[in-house]
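Asks: Take a look at the following structure, please.
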């Protein structure tokens, strides 16, 4: 961020210049003017948030009025800053905010809110506050079009109100994708009307492992919940008003134990007794995988028909990861299907599932996302790779001409521990500090400029095996999501050249914003006593994260890391 005055905005704008004078003082008579198609939705949002914090009515005003915040969707800015870009000018007579599109205007409104100070994030006015915007000119546009966070609601369910709250938190950080991990071995979280047992049976478990799967501790009470289809419609609509796309994930053919518990015929019935299967109460990878039959394909096509009706997202995530083939090897039906398809062995059935449903989605105008294991076989038309096992999968996919979303666990799995200390609650994975996340570079190195364009953006993933409630999710996500948001939005230099000291200085103001929003983040000095989980075992990884380089092309029926 360049200019005579450096603001405390996070993520940092492309350009921010301070001007003379004291800026613009808002008061009870300040109006809010909106012009241009799509501007009124941002006006409603500002009136609701700033109106609540300041107590001012922010009544509708003429676009030419003084003492006003003037909002304009200006298509002329699109060529310069893109549809998500904006320009903000603050003078003593008011604030002029223009967006290249409705989304750009909304992101500019997030910046305006930050400039008013931390109390602008409260839900009711505090006495004696003065509301002044500093004299600035800001021009801003995001680096990446995909700036996302995955929220795993399958392992521990987050009620609808919590998801809506997280949409507001994503919007406050100019993130525009919420990837909802809706199904897994430990729970099925979305109502499917033609298959009601998916939620009647599959949405709850009788008990839950407390801590890592090696822990001897159990929470001996039922856990569960699901979203009705109207809940999903509300979540999607709420997100759309904030220019956030909700990407659903229905995991298959692995991570399917909850579905098989509900409908045992989905499993490999000639190899195991699926009638005895229950929703998994432990962590780790379940051996129960979908049978490669026409009936199973038809079942999941029905599921996806209802999913597509609820989610307008161009992208649908189908998992495709961590699918042990042991039951397929024991199943005569699976072996026969593999032979019929001309596969080398049953291991190729995972890629066959991905290919079938990827083509099914493409025929309906949608694009499949899958974890980087889908590189095991030919990718379906338009498929996008979620590169989670490092930069390697993204590098391979981009070189082959496939789009990628970069979410390597070594860098942006926010369920991983934030410090090496013994006070970290249920320590999982690599140590990834706030500084580590700030130094994350999404685009894999070694790519040409053309190949690098296949990096759609970046995503931070939040898995919830050991994050049992909203407070634990907050602790793992924040403040690191603020660093990730700046990486995904701002035109930062190479990781070694990033100004960490300036970011940490700006975080001083941002912590107060998070306080006002009621976010239970990890304090810079370590966890509060009530945030610790003494005696609950985790699984810390030793040493620095490693990402081996590919040495040969990936065979069509082999894992990318073999």
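Rule-based calculations on the coordinates, nothing more; no lab input. Since we're looking at a predicted model, the values are computed, not measured. Positions of Cβ are generated from backbone atoms using ideal geometry, with glycine treated the same way; all protein chains shown enter the neighbour counts.
Asks: Could you give the angle, 0 to 90 degrees to the nearest 10, between helix 160-172's Cα long axis and the longest principal axis of the Cα atoms of the chain?
Replies: 50 degrees
Asks: Here's a follow-up. To the nearest 0.05, how large is the calculated FRET efficiency for residue 78 and residue 270 if R₀ is 60 Å and r is the Cβ-Cβ distance?
Replies: In this case the efficiency is close to 0.55.
Asks: Arranged from highest to lowest average of other beta-carbon atoms within 10 Å per residue, in what order do the peptides 426-439, 86-99, 292-305, 489-502 appear?
Replies: So the peptides 426-439, 86-99, 292-305, 489-502, ranked by packing, come out 86-99, 426-439, 292-305, 489-502.
Asks: Same structure again: What's the exposure ranking of 218, 146, going from fewest to most Cβ atoms within 10 Å?
Replies: The order, fewest Cβ neighbours first, is 218, 146.
Asks: So, one more: Can you grab the distance from the C-alpha centre of region 42-64 to the C-alpha centre of region 111-132, Å, no decimals?
Replies: Result: 13 Å between the Cα centres.
Asks: Right, another one. What is the spin-label model distance, in nm, from residue 93 to residue 64 if the labels are put 7 Å beyond Cα along the C-beta direction?
Replies: The modelled label-to-label distance comes out at 1.1 nm.
Asks: Just rank 368, 507, fewest to most, by other beta-carbon atoms within 10 angstrom.
Replies: 507, 368
Asks: Count the DSSP beta bridges whose two residues both fall in the chain, then state the antiparallel fraction as a percent rounded to the nearest 5.
Replies: 35 percent
Asks: Taking only Cα atoms, what is the 0 to 90° angle, nearest 10, from helix 480-489's long axis to the longest principal axis of the chain?
Replies: 80 degrees
Asks: Full-extension gain between residue 419 and residue 452, please, as 0.36 nm times their residue separation minus the C-alpha to C-alpha distance.
Replies: So the extension gain works out to 8.7 nm.
Asks: So what is log10(I(q)/I(0)) for region 296-448 at q = 0.08, 0.10, 0.15, 0.17 1/Å, when the Debye sum runs over its Cα atoms only?
Replies: -0.30, -0.47, -0.91, -1.05
Asks: Under a crude label model (7 Å from the Cα following the beta-carbon direction), how far is residue 528 from residue 333 in nanometres?
Replies: So the label points at residue 528 and residue 333 sit 5.2 nm apart.
Asks: Using only the Cα atoms of the chain, each taken as one equal point scatterer with no solvent, compute I(q) by the Debye sum, divide by I(0), and report log10 of the ratio at q = 0.08 Å⁻¹.
Replies: After summing over all Cα pairs, the log10 values are -0.55.
Asks: Please report, in cubic angstrom per residue, the volume enclosed by the convex hull of the alpha-carbon atoms of region 272-368.
Replies: Cα convex hull per residue, to the nearest whole number: 124 Å³.
Asks: Could you tell me how far the Cα centroid of region 279-306 sits from the Cα centroid of region 441-456, in Å?
Replies: Measuring centre to centre over Cα atoms gives 34 Å.
Asks: Taking the Cα atoms only, what angle lies between the long axis of helix 39-54 and the longest principal axis of the chain, rounded to 10 degrees?
Replies: For 39-54 against the chain, the angle is about 70 degrees.
Asks: In terms of the ratio Rg/(2.2 N^0.38 Å) built on C-alpha atoms, what value belongs to region 15-140?
Replies: Against the empirical 2.2 N^0.38 Å value, I get 0.97 for region 15-140.
Asks: Hey, another quick one. With r defined as the distance between the Cβ atoms of residue 285 and residue 345 and R0 fixed at 22 Å, what FRET efficiency is calculated, to the nearest 0.05?
Replies: It comes out at approximately 0.70.
Asks: Using the basic label-point model (7 angstrom from Cα toward the beta carbon), what is the residue 469 to residue 326 distance in nanometres?
Replies: Going by the 7 Å Cα→Cβ label model, 3.5 nm.
Asks: When a footprinting reagent is the concern and you count Cβ atoms within 10 Å, what order do 217, 517 take, fewest first?
Replies: Ordered by Cβ neighbours within 10 Å, fewest first: 217, 517.
Asks: For a paramagnetic label modelled at 7 Å from the Cα of residue 504 toward its Cβ, which residues of region 450-484 fall within the zone defined by backbone nitrogen distances under 17 Å?
Replies: Under 17 Å, as judged by backbone N against the label point of residue 504, lie 479-484 of region 450-484.
Asks: Right, next: Would you work out the relative contact order for the chain, in percent, from Cα pairs under 8 angstrom that are 6 or more residues apart?
Replies: 14 percent
Asks: Per DSSP H run of n ≥ 4, the term is -39500 (n - 2.57); total these for the chain, divide by its residue number, and report the mean residue ellipticity at 222 nm rounded to 500 deg cm²/dmol.
Replies: -9000 deg cm²/dmol
Asks: Once the mean 1/r over all distinct Cα pairs of region 81-131 is inverted, what Kirkwood radius in angstroms do you read off?
Replies: By the Kirkwood definition, the hydrodynamic radius is 12.0 Å.
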